[in-house]
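Q: Starting off with a structure, shown below.
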Amino acid sequence: MPDIEAMKKAQDVKGLIHLLDHSEHDIQWRAADALGSLGEIACDPLLKILAFPKVNVRVGVIEALGDIKSPRSVDPLIQTLARDKSNEVRWVAALALGAIGDKRAIPALLQSLRDGDRYLRYGSEKSLTMLGWQPENDTDRTYAFIAMNDWESIKKLGPAAVDPLMDILKDKNPVTRGKIIDILSSIRGHEATQTCEAALMDVDSGVRWKAVIGARKCGVSNTRLPLILSRRPWTTPSPVGAATLNFFFFGLGYHYLQKWYGYLIYTSFMATMVFVQLYTDVPVPFIYAYPITWIFAIQTYFMVKKMHDL
Amino acid sequence: MLPLSDIFKPKKPDIEAMTQKKDIAGLIRALRSSDLDVYTRAAKALGSLGPEAVDVLVKTLKSKNKAVKLGIIGALELIKDPRSVEPLILVLKDKDSEVRWQAAIALGEIGYERAIDPLVQALRDPDKYVRYGAAFSLAKMGWKTADATDRAYYFIGMQEWRAVKTIGKPAIPALNQLLRDRDANVRVKAIELLGEIGDADATPALMRSLSDENREVRWNSVLSSSKVGIALLHLPRQIAKRPQMIKNPIIAGFLNFLLPGMGYGYLGKWWGLLIFQIDITTTVWLFKYQGEANSYQVLFPIYLVLGIHAYYLGIKMPIDPP
C-alpha cells in the first residue's frame, strides 16, 4: 500500500501522478484528492498528462485540476471539453470548469450544453449556473431544462421548445429520445412532422411506439404510419445471411443467431469434414455435405423470418 | 379399443370423490398435478374440509414441493383456523419468495392480531411481491402505527410513493434498503425519492448507487446527488467504478496470433469462429500437400498480421457510455 499521506507531505507530485494509474480505484481517487490539495505546484505536471490514453487517469487529472482552480488550466480544459473522445472525460471537464469559476469557459459550456450526451449536458448546466450564467431566451432555457431532466417545465414553454427538443433527439439514449417524443406530441401548434417521421424509424422499439402514439398530434397521417415504420433500420439478424452461413459452414448460422448449440454443431461439422478429407480427397466430403446443409439453410431462413420485431 | 393417448395420460384424479371421503392425503397428492384446474380444485377442496384438516395440512407445510406448499397455504387461508397462524408465520421466512408472498396474503385473510408484528417485519422483505402482500394484509387488518419508519416501509410496500415522500427524513433507512432491490425500476424510484427528500443522510447510499450496474439507476443517482449536496466534481469517479466489460487488447492480439480468429471471438465478433475454423482447415490442407515447415513459412506472417489487427481492434473498441 503506497503511503499517500507521506507523499502529500513530501509534495511528491510525480509519485502521486503515478498512482492515478493504480489498479485500485480507492488509491486512484485518494491520489487525485492529494494532488488537488497540493495546489499550484501540481498544476503543470497534471496539464502535461491531460491527454493520457486511459480514461480513468484523465478523469483523475481533471478532478485534481478542478480542486486546484488555477487560471492556467482553463484553456487546456476548454480544449478537453471540446475535443476529448470520451464523454466521461468531457463531463468531468465541464464540472471542473464550473468549479474553477472562470467566466472564459461560458461559450464552451454553452456549446456542450447542446451535446448528445446527457451527462455532459447536465454537467454543463450545473457549471454554467455556478459561473452566474442565466438563460436569455427560450431556446437556451429549453436546453437548460433538458439538461436538468426537468421535462415538466419544458411543456410550459410551448412551441418555443420544439427546435431544441428536435436537436437533442440525437441523444444515443433511448430513454431521452422517448421523453422528447412524449413532449413533442403534447405541444400543439408546431411543425415537427419531419422529426416525428424520423422518430418513427428510430432503432429503439420503445421510441417508435411513442412516436406512433404521438403521430397524429405531430401531423403525420395514420395511413402513412406502416409505410414509414417499415423503413426502420434492420436490428434483427438477416435471414439470408444466417441461411448462407448455415449452408457453407453448417452451425455457424445458428451461432450468428446466438443459439447455444451453434458452436457445437459447427465444430462437430468442421471436425468431421477435416477428418474425412484426410482419408479421401479434398472436395469429397463437401459434395455429400452441401445437399444436406441446403435443407438446414432453408429451415434457418424461415426461423429468422419469424423473429420479426416492430 | 382404448385410444393410445389415454394410456400415456394419467387418469385425472376425482376431486369430488376424494372430498366426500375426506381423503386429505389424496387431495394433497393432487396438488402435485401439473394441470392447473385439478390443482385449483384440490386446494379449494382442502379448504372446504374445515378445522379437522388443519393438523395434517400444517404438518405437510414442511413439504419440499413448492406447488404443494402454495396449495396448502391457500387451503389454510380458507379454513381460517387460529392453529395455522404460528406455522404460517414461520413460512414468512421461507426461502422461496412466492411461498412467502402467499403466506403474507393468507395471514391477512385469517386475520389474527398475533400476525401483525411478523407482517410488519415482512414489509422489509427483499422481494417486492412479499412486501406488497404484507402491506395489503396489514391494511386489511386495520393496522395503524405512529412509528414513521414502519409507516415508510408500509407505503413502500404499497408502492404509494407520494406518501413515502411526505414522511420525509424518517423514510431514508427504508429507501436505502430499497436500493438493494433486484428490480432496477424500484431502485430508480427510491433514488428519485431520496433526491426529493433532499437530506444528506442519503449520501452514502447514493454514492454506492452511482456505480450501480444499471444505466438508468446511475443516471438518476447523478440527478439526486446534487439535490442532497454531494460535491458534483466527485460524481465521475463513482460512475467510473461501475461494472464494465473491458476487453484487454493485448489478450485479443495474443489469442489471435496463437489461435487465429479466437482473438476476434474474445472481442465479441461472431465471425471470429469462422476465421478460426477456416484457418484449421487450411492448415490441414497445407500440411498434407506442402509439408509442415513450408506451411509455417506461409502461415506465420499471416498469424502475425491477424494478431496485430486484433490488438488494434481491441484498442478501438468503444467504451460503454456511463
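Q: So A:A160 ticks every box in (1) outside the structural domain of A:L50 (by TED's automatic domain parsing); (2) within 30 Å of A:S205 (Cβ to Cβ) but one. Which box is left unticked?
A: Evaluating A:A160 over (1) outside the structural domain of A:L50 (by TED's automatic domain parsing); (2) within 30 Å of A:S205 (Cβ to Cβ) leaves (2) as the failure.
Q: Among the residues of region A:162-173, write down those that are surrounded by 17 or more Cβ atoms within 10 Å (Cβ to Cβ) and either within 14 Å of chain B (Cβ to nearest Cβ) or out of contact with any Lys or Arg (no Cβ under 8 Å at 6 or more places or on another chain) (or both). Break it down into steps so the answer makes sense when it comes.
A: Of all residues in region A:162-173, those surrounded by 17 or more Cβ atoms within 10 Å (Cβ to Cβ) come to A:162, A:164-169, A:171, A:173.
A:V162, A:L165, A:M166, A:D171, A:N173, listed by residue number.
Q: Being more than 30 Å from A:D150 (Cβ to Cβ), at pLDDT below 90 and either in contact with a strand residue (DSSP E or B) (Cβ under 6 Å, 6 or more places away or on another chain) or surrounded by fewer than 17 Cβ atoms within 10 Å (Cβ to Cβ) (or both) narrows it down to one residue among B:A146, B:A139; which is it?
A: Working: B:A139 fails: at pLDDT below 90.
Every option except B:A146 fails the conditions.
Q: Still on this structure, I have one more. Here are some residues: B:L31, B:L61. Which one is within 26 Å of the chain's Cα centre (by Cα), farther than 24 Å from B:L119 by Cα and not charged (D, E, K, R)? So that I can check it myself, show each step before the final result.
A: Numbers: B:L61 fails: farther than 24 Å from B:L119 by Cα.
Among B:L31, B:L61, only B:L31 is within 26 Å of the chain's Cα centre (by Cα), farther than 24 Å from B:L119 by Cα and not charged (D, E, K, R).
Q: A follow-up question, please. Anything in region A:231-252 that is within 12 Å of chain B (Cβ to nearest Cβ) and outside any helix (DSSP H, G or I)? List them, or say none.
A: A:P237, A:F249, A:F250, A:G251
Q: Residue by residue through region B:178-217, note down the ones that are in contact with a Leu (Cβ under 7 Å, 6 or more places away or on another chain) and within 11 Å of chain A (Cβ to nearest Cβ).
A: B:G195
Q: Among the residues of region B:218-252, which ones are away from chain A (no Cβ under 12 Å) and crowded, with 22+ Cβ neighbours inside 10 Å?
A: B:A252
Q: Are any residues in region A:41-69 out of contact with any helix residue (DSSP H, G or I) (no Cβ under 7 Å at 6 or more places or on another chain) and either more than 11 Å from every other protein chain (Cβ to nearest Cβ) or in contact (Cβ under 8 Å) with a residue 40 or more places away in the chain (or both), and if so, which ones? Walk me through how you get there before you give the answer.
A: Restricting attention to region A:41-69, the residues satisfying the condition of being out of contact with any helix residue (DSSP H, G or I) (no Cβ under 7 Å at 6 or more places or on another chain) are A:44, A:48, A:51, A:53-54, A:57.
Hits for region A:41-69 are A:D44, A:K48, A:A51.
Q: Something else now. Which ones in region A:254-310 are at the interface with chain B (Cβ under 10 Å from one of its Cβ atoms) and under 32 Å from the mean Cα position of the chain (by Cα)?
A: First, pick out the residues of region A:254-310 that are at the interface with chain B (Cβ under 10 Å from one of its Cβ atoms): A:255-258, A:262-263, A:266-267, A:269-271, A:273-275, A:277-278, A:282.
Across region A:254-310, the qualifying residues are A:H255, A:Y256, A:L257, A:Q258, A:G262, A:Y263.
Q: Is there a residue being acidic (D, E) and over 28 Å from the mean Cα position of the chain (by Cα) anywhere in region A:195-214? First the steps, then the outcome.
A: Our first condition is that a residue be acidic (D, E); within region A:195-214, this holds for A:197, A:202, A:204.
If we keep only those that are over 28 Å from the mean Cα position of the chain (by Cα) as well, we get none.
Taking every residue of region A:195-214 in turn, none turns out to be acidic (D, E) and over 28 Å from the mean Cα position of the chain (by Cα).
Q: Please state which of the following conditions B:T282 fails to meet, knowing it meets all the rest: (1) within 13 Å of chain A (Cβ to nearest Cβ); (2) polar (S, T, N, Q); (3) buried (at least 18 other Cβ atoms within 10 Å of the Cβ).
A: With respect to (1) within 13 Å of chain A (Cβ to nearest Cβ); (2) polar (S, T, N, Q); (3) buried (at least 18 other Cβ atoms within 10 Å of the Cβ), B:T282 is out only on (3).
The values are calculated or read from the model by the stated rules, or taken from the named source; none is laboratory data. Everything quoted here is computed from the prediction, not taken from an experiment. Glycine gets a Cβ as well: all are built from the backbone with ideal geometry, and neighbour counts include every protein chain shown.
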